Amino acid sequence: MKASPAERMKALRVSRETLDKLEHFAVLFQKWAKSINLVAPSTLEDLWQRHIVDSLQIIRLSPAPKTWVDLGSGGGFPGVITAICLSEFSDGWVHLVESNNKKAAFLRIALNETGARGSVHPIRVEQAPSVIPRCEAISARALADLSQLLDYCAPWMLADGSNTVAFFHKGRDYQQEIDKAVSRFQFDLVKHASVVERDSVVLEIANLSRRTK
């Protein structure tokens, strides 16, 4: 049975205004998903739990308004969800990086119609540091393995004086990715158990450096 808005608000622990924006985003998402592949079709029926609630974990782990870069934003998870939550504040911004023009068009409309605090950059992930020179936090979901993600994040996280922190959703094989990544990088790591998927986590990574041979 479909949850009522009040039940969702209680479960998600968000304000009524933010819930209204999330509801609007969900309707918009379902409409666009009929014509372009925003997420795996098999997960559309469980949009709220599999994607929206999953994405909300990021802002719960780092709730203070800050400048985010969301890599490979795709259907807006977690970037648009973070940007919607930031609309409760007068500070903070999400730079959504998505090279697919159709997905980028959807993201722009989603941000505009929900009043979310974000902007879309229709560029490749590798180009993003030259366009967005600084950020305080980075997110990515279902984009690449951890080693590749850290390569993408290095221009921000290795910059002089950087205190940028990264948050990555990872599935049950996350430990293998960590083991591979530590052969090339050193970093502080916190594993946050997923509230959505058993055996999945959100990896919080800080103080990144490259290992020297």
Residues that are open to solvent by 30 Å² or more (accessible area, probe 1.4 Å), modelled with pLDDT of 90 or more and in a helix (DSSP H, G or I): does region 74-89 have at least one? no
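Of all residues in region 127-173, which are of a type in the set (Ser, Thr, Tyr) and at pLDDT below 95? Don't jump to the end; show me each part of the working.
Narrowing region 127-173 to residues of a type in the set (Ser, Thr, Tyr): 130, 139, 147, 152, 162, 164.
Once the filter is applied, which keeps residues that are of a type in the set (Ser, Thr, Tyr) and at pLDDT below 95, region 127-173 yields only 162.
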It is to be established whether one or more residues within region 104-113 are free of Cβ contacts under 8 Å to residues at least 12 places away in the same chain and of a type in the set (A, V, I, L, M). yes
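Can you pull out the residues in region 99-111 that are within 11 Å of residue 25 (Cβ to Cβ) and of a type in the set (S, T, N, Q)?
The first filter runs over region 99-111 and keeps only residues within 11 Å of residue 25 (Cβ to Cβ), leaving 106-107, 109-111.
Residues satisfying the conditions do not exist here.
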Being surrounded by fewer than 21 Cβ atoms within 10 Å (Cβ to Cβ) and either without any contact (Cβ under 8 Å) to a residue 60 or more places away in the chain or assigned to a loop (DSSP other than H, G, I, E, B) (or both) is the filter here; which residues of region 62-73 pass it? 62, 63, 64, 65, 66
Tell me which residues, restricted to region 192-213, are touching a helix residue (DSSP H, G or I) at 6+ places or on another chain (Cβ under 8 Å), under 22 Å from residue 156 (Cα atoms) and not hydrophobic (A, V, I, L, M, F, W, C). 204, 210
Whichever residue in region 1-29 is within 20 Å of residue 195 (Cβ to Cβ), hydrophobic (A, V, I, L, M, F, W, C) and outside any helix (DSSP H, G or I) and, among such residues, is modelled with the highest pLDDT: 14
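Do any helices (runs of 4 or more DSSP H) lying entirely in region 94-213 carry at least 3 residues that are out of contact with any strand residue (DSSP E or B) (no Cβ under 6 Å at 6 or more places or on another chain), open to solvent by 30 Å² or more (accessible area, probe 1.4 Å) and charged (D, E, K, R), and which ones are they?
101-114, 174-181
The values are calculated or read from the model by the stated rules, or taken from the named source; none is laboratory data. The shown structure was predicted, so the numbers you read here are calculated from the model rather than taken from an experiment. Counting neighbours? That spans all protein chains shown, and the Cβs are built from the backbone with ideal geometry, glycine included. The accessibility values were calculated without ligands, DNA or RNA, using every heavy atom of the protein model including side chains. Shrake-Rupley method; radii C 1.70, N 1.55, O 1.52, S 1.80 Å.
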